[in-house]
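First comes the structure, then the notes that go with it.
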Amino acid sequence: MKQAPDDVIESSPAFPEDAIEVGRVLDAWGIKGWLKILSHSADAQALFASRRWFLKPSEKALPGKPHVVPPVLKILAVRDHADGIVAQVEGVADRNGAEALKGARIFVSRSVFPETDDDEFYWVDLIGMSVVNKDGTTLGEVIDLIDTGPHCVLRILPAGKTAPVKPDEEILIPFVNAYVGDVDKAARVIPVDWDLDY
């Protein structure tokens, strides 16, 4: 079982300015209040790294029937289980309490994400970066990524355009060494070997 680190838990922390949505509560797990969690990432280290998860109700809550969730959960234990993650949280002791959290969106502070290697990146850090080709032409800004399985693809809003744009107006560049150079995290620039007429 992976135990969350022993950082200090404030009594009622504010929702972090750098909060990132990392998952959601799928359902109750067992009868003792454990939660089954869906991670938005195949690598769920951000969930394991934080001792508190900030919650927002599901965006699918029915109008006039708000889904009330606590603003923050203190995490007692988190572990991998079969095809998902399960967690034990303070104040939820039975299945009914766990089921009441079903659908809640889970956020953690970006500051608690584990460090990555130089050639690894969190998607959230790439979004908003400028994409510049080898000729120095700014192609645009990363608005999202697509996971194709073997690799990711950068979705780029072309320079001079404003969102939203039609899918055929986006620039799509495979996020692989053949096309992408060394990402400059400090300058927030992604150099690419890509021409505007590709």
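The values are calculated or read from the model by the stated rules, or taken from the named source; none is laboratory data. This structure is a prediction, so every number in the text was calculated from the model and none was measured. We place every Cβ from the backbone using ideal geometry, glycine too, and count neighbours over all the protein chains shown.
Summary table
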{"quantity": "Answer from Ala98, Ala44, Ala77 - the residue that is small (Gly, Ala, Ser) and within 15 Å of the chain's Cα centre (by Cα)", "calculated": "Ala44"}
{"quantity": "Hey, Val112 within 14 Å of Leu38 (Cα to Cα) and not basic (Lys, Arg) or not", "calculated": "no"}
{"quantity": "Meets criteria (touching a helix residue (DSSP H, G or I) at 6+ places or on another chain (Cβ under 8 Å), at pLDDT 90 or above, more than 24 Å from Ala42 (Cα to Cα) and of a type outside the set (Gly, Ala, Ser)) for Lys161", "calculated": "yes"}
{"quantity": "Segment 166-178, subset within 16 Å of Thr138 (Cβ to Cβ) and not acidic (Asp, Glu), residue surrounded by the most Cβ atoms within 10 Å (Cβ to Cβ)", "calculated": "Ile173"}
{"quantity": "Matching residues in segment 10-62 - criterion: being in a strand (DSSP E or B) and free of Cβ contacts under 8 Å to residues at least 24 places away in the same chain", "calculated": "none"}
{"quantity": "Failed criterion for Ile156 (all others in (1) among the hydrophobic types (A, V, I, L, M, F, W, C); (2) surrounded by fewer than 16 Cβ atoms within 10 Å (Cβ to Cβ); (3) at pLDDT 95 or above hold)", "calculated": "(2)"}
